[in-house]
1. Can you give the calculated 222 nm mean residue ellipticity of the chain, where each DSSP H run of n ≥ 4 adds -39,500 (n - 2.57) and the sum is split over every residue, rounded to the nearest 500 deg cm²/dmol?
2. Which one of 41, 236, 93 has the biggest mean-square fluctuation once the chain is modelled by GNM with Cα springs under 10 Å?
3. Please return the longest stretch of the chain lacking exposed loop sites, where GluC sites (Glu not before Pro) count only if DSSP places them in a loop and at most 10 other Cβ atoms lie within 10 Å.
4. Using only the Cα atoms, work out Rg/Rh for the range 174-309, with Rh taken as the Kirkwood radius, to two decimals.
5. Can you give the alpha-carbon Rg of the chain over 2.2 N^0.38 Å, where N counts its residues?
6. Could you state the angle between the C-alpha long axis of helix 297-309 and the longest principal axis of the C-alpha atoms of the chain, as a value from 0 to 90 degrees rounded to the nearest 10?
7. Counting other beta carbons within 10 Å of each Cβ, put 300, 269, 221, 75 in order, fewest first.
8. Give the longest segment of the chain that steers clear of trypsin sites (Lys or Arg not before Pro) in DSSP loops with at most 16 neighbouring Cβ atoms within 10 Å, not counting the sites themselves.
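No lab work stands behind these numbers, since they all come straight from the coordinates. The structure presented is a predicted model; accordingly, all values stated were derived computationally and were not measured. So basically every Cβ, Gly included, is an ideal-geometry build from the backbone, and we count neighbours across all protein chains shown.
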Amino acid sequence: MKFERTDEQQGFAEAIGDMLAKADTVGAARSWIDGDTAAGLGIWKRLADLGVNALLVSEEDGGLGGSLVDLAVAHEQLGYHLAVGPWIENAYLSTALAAGAELDAVAEGAVATVAVAPQVPRALDGDVASARYAVIDGTLVTATSGTIRTSIDGTRRLADVASTGTVVGSRELDAAFDAAVLATAAQLVGAGERVLADSVTYVKQRKQFGREIGSYQAIKHQLADVRIALDFARPLVHGAALGEVPASAAKAYAADAAYLAARTGLQVHGAIGYTAEFDLSLWLNRIRALVTAWGTPAFHRGRVLESLVN
């Protein structure tokens, strides 16, 4: 299947990328880890002004009426630039919420989050969000934030949630879950692309035995394997957005490709790649967290197998 972005989608991706490239997302991420959310929320608002929050909300409900392809295009940029905040949860809620004040708030840029047990037992950034939801026994309800749990990715603040007992009008929750899975897969591809780009830059500069390490065939082969994996993952993500491929297939493959990028990036950088002070570590931790976020690879492979059997 051949996928090409429309001119409008390409322009949208470039607008997001240009804005994030100028926004010091790394600085915002480090501040977010330390509990200072001001810079991250400022970036959230600027992305909301571009329409990222309203992508999947229909025009009748005050949104952009975009497609899942638009969602994938946007989230690849969010992953590439390490945007903080519950963006994947926004994709879920903008699909799950029925028309009303709650959906209007999401479309207008409110920081909202959700827990969807059992695959998503805690709400990302529940302590930062202005609106919190949970899916309990197949019903979407409002929720309160409780204890904050640590994650391997310090920018992902995971909150225990408790239902307030208020049922919220909702649409197809299965479709909303797949939209979140798709967004996660797209972010994994974007993060993998960033690690590959930084790794290629590094091996052209780092010298060993009088030569740039990127000139050694073994390193070329490792980076080429990552390039191939990401090039195979992206069509699966867009195929899932078009409904031609299960979202779970895209998530499982994107997770494998991004994880390969992370492992290879760490290997070519050597010991410096382990250090928290080196920016690469932020993307490595993000990838490791997203690999299991919104369903583990084993869970998604099981869903694919079930769809084939049935």
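1. It comes out at -18500 deg cm²/dmol, rounded to the nearest 500.
2. 41
3. 5-276
4. A ratio of 1.05.
5. My calculation over the Cα atoms of the chain gives 0.98.
6. The two axes meet at around 70 degrees.
7. Lowest count first: 221, 269, 300, 75.
8. Of all site-free stretches, the longest is 23-170.
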